[in-house]
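> Mind looking over this structure? Questions follow.
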Amino acid sequence: MNNSVGNTGRVLWAGLRALLVLTVICGVLYPLAVTGIAQAVFPGRANGSEVKEDGRVVGSELIGQTYNLPLKEGEETSAPDLKWFQPRPSNGLGANSVNTQYKLILSGATNRSGDNPDLIQWVKDAKAAVVKDNSVPGHTVKPSDVPADAVTSSGSGLDPHISPEYAKIQVHRVAEQNHLAVAQVDKLVADHTDGRILGFVGEPRVNVLQLNIALKGLTRG
């Protein structure tokens with residue numbers, strides 16, 4: 001009996017020591033080492049790829065955000081502020097989700113199939129809005145010119161990038177709203193268009209936050 005109790009005690013004590021050692025190694029030393037290396041080698045990425053303007057954080061390169069007018073009484077969703085470049089639609093998990101407007105509680109795609117009536121109507125409404133918002137005197141946007149990313153949300157619903165085609169459609173409207181020359185705004189888009197990674201991975205893209213920060217600087221000048 002005593003031997004059985006003693007053996008049990010030794011096994012429990014060995015297990016407890018193993019737990020303590022592994023907790024220190026895996027729960028303290030390893031996270032500290034990984035965090036230290038990340039801060040030393042990739043501090044920007046380790047801290048969430050923060051974007052700063054005038055010394056304060058205004059967003060992340062990895063997470064999209066909206067550029068809307070203040071919500072008016074009686075409105076369920078704010079109207080877009082047309083002086084800024086607009087991101088992709090942010091349906092997230094759908095109309096009944098808490099993530100309808102880039103709220104970071106949940107994120108995801110709409111999960112609607114290509115023949116879903118709701119999705120088809122969303123795309124039609126979004127295309128009509130893109131054509132209407134970006135058609136200015138002397139420049140009319142054709143429905144056939146509207147790229148897919150202008151009317152559909154991404155898989156995450158929080159895509160920070162748009163295609164160069166979608167950015168260029170917005171150039172005339174942004175120029176008019178900010179009293180700038182079209183050539184100035186067009187050059188701004190060209191300067192902020194990133195090519196394919198390593199020359200062949202992915203597609204060319206424009207980070208909307210970085211583009212709007214540059215636009216703000218242009219309007220100040």
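Bear in mind that the values in this text are calculations on the coordinates, not laboratory data. Fair warning: this is a prediction, and the values are worked out from it, not measured in the lab. Every residue, glycine among them, receives a Cβ derived from its backbone with ideal geometry; neighbour counts consider all protein chains shown.
> Helix 208-220 versus the longest principal axis of the chain: what angle, 0 to 90°, nearest 10, using Cα atoms?
With rounding to tens, the tilt is 50 degrees.
> To continue, here is another question. Taking the Cβ of ASP191 as the center, what net charge do the other residues with Cβ under 14 Å away carry, scoring Lys and Arg +1 and Asp and Glu -1?
Working: positive: LYS168, LYS187, ARG205; negative: ASP186, ASP194.
With Lys, Arg at +1 and Asp, Glu at -1, the neighbours total +1.
> Okay, next question. So if R0 is 45 Å, what FRET efficiency would SER49 and ALA18 give, r being the distance between their Cβ atoms, rounded to the nearest 0.05? Could you put the intermediate results ahead of the total?
Values: r = 38 Å, r/R0 = 0.85.
Step by step, r from the Cβ atoms, then E = 0.75.
> Using only the Cα atoms of the chain, build the gyration tensor, take square roots of its eigenvalues as a ≥ b ≥ c, and label the shape rounded, prolate or oblate: rounded if a/c is under 1.5, else prolate if a/b is larger than b/c, else oblate.
Numbers: a/c = 3.01, a/b = 2.08, b/c = 1.44.
The shape class here is prolate.
> Taking H placed 1.01 Å from N in the peptide plane, check which residues at least 5 places from GLU53 or on another chain put their amide H under 5 Å from its amide H.
Residues meeting the amide H criterion: VAL58.
> Apply 1/(1 + (r/R0)^6) to the Cβ-Cβ distance of ASP125 and GLU203, taking R0 = 25 Å, and write down the FRET efficiency to the nearest 0.05.
Working: r = 25 Å, r/R0 = 1.01.
The calculated FRET efficiency here is 0.50.
> List every residue whose amide H lies under 5 Å from the amide H of SER154, counting only residues 5 or more places away in sequence or on a different chain, with H placed 1.01 Å from N in the peptide plane.
Those lying under 5 Å, H to H, from SER154 are ASP159.
> Going by alpha carbons, how many degrees (0 to 90, nearest 10) lie between the helix axis of 117-134 and the longest principal axis of the chain?
50
> Whole angstrom only: what separates the Cα centroid of the stretch 126-167 from the Cα centroid of the stretch 186-221?
Comparing the Cα centres of the stretch 126-167 and the stretch 186-221, I get a distance of 16 Å.
> Another question, if that's okay. Using the Karplus curve 6.51 cos²θ - 1.76 cosθ + 1.60 with θ = phi - 60°, work out ³J(HN,Hα) for each residue of the stretch 46-62 in order, rounded to whole Hz, and write x for Gly and Pro.
5, 9, x, 6, 5, 10, 10, 9, 6, x, 10, 6, 10, x, 10, 5, 9
> Return one number: the angle in degrees, 0 to 90 and rounded to the nearest 10, between the long axis of the Cα atoms of helix 30-41 and the longest principal axis of the Cα atoms of the chain.
Helix 30-41 and the main axis of the chain meet at about 40 degrees.
> Where in the chain is the longest stretch that carries no trypsin sites (Lys or Arg not before Pro) classed as loop by DSSP and with at most 11 other Cβ atoms within 10 Å?
On the way: sites that count: LYS72, ARG196.
That would be 73-195.
> Shifting gears a bit: What's the longest bit of the chain with no exposed GluC sites (Glu not before Pro), using DSSP loop states and at most 16 other Cβ atoms within 10 Å as the test?
Counting only loop sites that pass the neighbour cut-off, the longest clear stretch is 77-221.
> Normalising by the residue count of the chain, find the relative contact order in percent from Cα pairs under 8 Å and 6+ residues apart. Could the numbers behind the result be given before it?
Working: 283 pairs, mean separation 38.3, N = 221.
After rounding, I find 17 percent.
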